[in-house]
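Just so you know, all these numbers are worked out from the coordinates, no wet-lab data involved. These figures come from a predicted structure and were not determined experimentally. Cβ placement follows ideal geometry from the backbone for every residue including glycine, while neighbour counts extend to all protein chains displayed.
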Amino acid sequence: MLVPLTRETFDNLIPKIATVDQYRYCWGKPSDLLRRILISVVGLITIFILRLFFGEAFESLAFILATILGLYWLWSPVYWASQRNREGRRNSYSGYWRGRVLDAFVTDEIIGTEETVNSRGELVIVENRERRLNLEVGDKTGFTTHTQVPLKRDHRLIRPGDRAEMVVMSNRPDLSRITMISDIYISDHKLWISDYPYLRKDAFLDISRRVERQRRQRTAPPPSEPVWE
């Protein structure tokens, strides 16, 4: 099932400014926070040095820059999440898609490498691996797509045949070529599968309920004719 969405609806699903879920995602791990704090500290030190060099002529600009850089650790997740949203909003057309899980399996993926020295003083490369869920979904038209996300405990519930829902994006009015997909919602288990939470969940679930109501109305048998005595 594929139901085209209006631009207004699409913009409501993926807003310009980061949602709470998107902010939390971009907040990252403690190491990400530490990196942002270091950027703020280096920025403040640089501004202090420039203030000493240029004197009072740099006073007003220094205050503005110090405020921006000093709070970089706090506001930068909003910026990066909004940039991710912008990638999705670049697509001109979108649609609500419903299909089924075709396959779900786990793989070990290399997510990075580190150089270290062993006990003999030799340089070795250590691979950082992560277990990831591979999810393939499709529908009766033959459309299929695959996504890969970090494995979570709840993912063990997913089985082939489970109903899958998402928003598909395209630059063609007929949605004949899909350029991007959103989070995948597995409604049988109320699970959201995504590497980044593009959608406003409340808005998406509202669309899902409306589409289901319309489908049931179309497939409902006509009322029987009254019998007059």
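Some notes on this structure:
- Multiplying the residue separation of Asp103 and Lys140 by 0.36 nm and subtracting their alpha-carbon distance yields 11.8 nm.
- Gyration tensor verdict on the chain (Cα atoms; rounded if a/c is under 1.5, prolate if a/b is larger than b/c, oblate otherwise): oblate
- Contact order for the chain, expressed relative to its length and based on alpha carbon pairs under 8 Å spaced 6+ residues apart, stands at 21 percent.
- Bridging of Lys29 to lysines at a Cα separation below 25 Å is possible for Lys16, Lys152, Lys201, once same-chain residues fewer than 8 apart are set aside.
- Shape class of the stretch 62-112 from the Cα gyration tensor (axes a ≥ b ≥ c, square roots of the eigenvalues): oblate, since a/c reaches 1.5 or more and a/b does not exceed b/c.
- Summarising the label geometry, the points placed 7 Å from Cα in the beta-carbon direction at Gln148 and Val78 lie 3.4 nm from one another.
- Simple rule: put +1 on each Lys or Arg Cβ and -1 on each Asp or Glu Cβ in the chain, find the dipole, and look at Leu157, Val124, Thr107; the Cα lying farthest toward the positive end is Leu157.
- Using the Cβ-Cβ distance between Ile39 and Ala62 with R0 set to 22 Å, the FRET efficiency works out to roughly 0.80.
- R0 of 41 Å, Cβ-Cβ distance Phe54-Thr219: FRET efficiency to nearest 0.05: 0.05
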